[in-house]
Amino acid sequence: MRRTRSKKLAGPNADPPFGKGNIRGVAGPESANNAGAQTSFIPMLTLGIPPNAVMALMIGAMTIHNIQPGPQVMTAILALFWGLIASMWIGNLMLVILNLPLIGLWIQLLKVPYRLLYPAIWRSAVSAYSINTRPSTC
């Protein structure tokens, strides 16, 4: 069985072992996911190439507003470029401010058994769908 780099660095006596609640097994992929979301702006703003579907939608929105994505965005429309950068910083700051006090709540949410969680999620999805597809009375 192939061992990941985190497992190798943790050693054979990691407490608790990977797959049994070791936080390093969650923190590494989560931090990579958060970093990937912001770095996908780089090819979009420098080359005008969307690296994923979300950035393709962003390029479409920019095109609708007559903004040509690419390197000219950084020089011609400084307010847009620095607004994107500032929004990333503000968003990360808001995540830290909101999530630090709520860590206990997130841990309690993880303790909900799957046999109760899955039907609740399914019911929420069906309820949201049924509300939006109700025929209008007008």
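Just so you know, all these numbers are worked out from the coordinates, no wet-lab data involved. Nothing here was measured: the structure is a model prediction, and the numbers come from that model. Positions of Cβ are generated from backbone atoms using ideal geometry, with glycine treated the same way; all protein chains shown enter the neighbour counts.
Overview of results
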{"read-out": "Trypsin sites (Lys or Arg not before Pro) within the range 39-127: DSSP coil, no more than 15 neighbouring Cβ in 10 Å", "value": "Lys111"}
{"read-out": "Approximate spin-label separation Gln108-Ala86, in nm, with each point projected 7 Å along Cα-to-Cβ", "value": "3.7 nm"}
{"read-out": "Stokes-Einstein D (µm²/s) once Rh is taken as the Kirkwood radius of the range 17-127 over alpha-carbon pairs, at 4 °C in 1.567 mPa s", "value": "74 µm²/s"}
{"read-out": "Length released on extending from His65 to Ile77, taking residue separation times 0.36 nm less the Cα-Cα span", "value": "3.1 nm"}
{"read-out": "Cα-based shape type of the range 56-115, given that a ≥ b ≥ c are square roots of the gyration tensor eigenvalues and the cut on a/c is 1.5", "value": "oblate"}
{"read-out": "Ranked packing of 97-108, 46-57, 78-89, most packed first, by mean Cβ within 10 Å", "value": "46-57, 78-89, 97-108"}
